[in-house]
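Coordinate-derived values only; no laboratory data. A quick note: this is a predicted structure, and the numbers were derived from the prediction, not measured. Methodologically, a virtual Cβ is constructed for each residue, glycine included, from the backbone with ideal geometry; neighbour enumeration extends over all protein chains shown.
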């Protein structure tokens, strides 16, 4: 069949002829309705898009900002934040002990009320009569630590003494590494102090009185330390009457040492001698080694 020749009506059914007639007579209307439908659909899409943009930027976005601003206030307890911060160190009044030849000893006690924080700082004693040099100090969690400076040259005495601190830094105990700090402390601060004696006697030339404290100390921990400081306090009853310090270098595990401390002054009626070990067990550089390592 020639493709350019239309099929004759003989091959079309009556139904096809009626549809063709209807289509030809309504062709323009169908085109108009189709165009109108497209315009309506496009308008609906535009209206929907504009509505969503209005809802997003003019309604939802301001509401989201308001919720975000309110979130920290509603979910974060300011008292919990404050409780998580370390509490301030507490300094007790400075005590002054007049020695011989114009020398003066000063001491104070610093208290750390925090169970999970230890601190480092630079501190010094200051007064109208003299000022000591800045020294690095530390304090362990829940520790009451005595800090002393000995032999200050203050012939006129110290007036209004105080202890100054600067460059304070807090360090949190890592509970993943140290789950039980009390056990950690007890295992490392095992210094057995025995045979404490106190004596006071006149020198051979009868020109001055010498007071002496001696004791034996054994490092019963499993760790050797580069340096361990011992603070020795002398009491008359409950009153602190004198203070001295000594540092034992390279104090190895299992080692016992004899310690003798001297005051060139007459310390009468001493009723109690207190020996306090001090070593920063939370500082890795304090350790020489561990037994068996």
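What to note about this one:
- Calculated over the range 204-273, the projected area of the Cα convex hull averaged across directions stands at 5.7 nm².
- Contact order normalised by residue count of the range 211-293, Cα under 8 Å, 6+ apart, percent: 43
- Residue order, fewest to most surrounding Cβ atoms within 10 angstrom, among 46, 223: 46, 223
- Theoretical FRET efficiency, 1/(1+(r/R0)^6), r = Cβ-Cβ of residue 271 and residue 227, R0 41 Å, to 0.05: 0.85
- Percent of Cα pairs exceeding the 15 Å cut-off, where the set is the range 88-173: 56
- Fewest-first ranking of 198, 48, using other Cβ atoms within 10 Å as the exposure measure: 48, 198
- Residues 116, 192, sorted so that the one with the fewest Cβ neighbours within 10 Å comes first: 192, 116
- Measuring between their Cα centroids, the range 137-170 and the range 238-293 lie 18 Å from each other.
- Taking the alpha carbon gyration tensor of the range 141-211, multiplying each eigenvalue by 5 and rooting it gives semi-axes of 39, 25, 7 Å, largest first.
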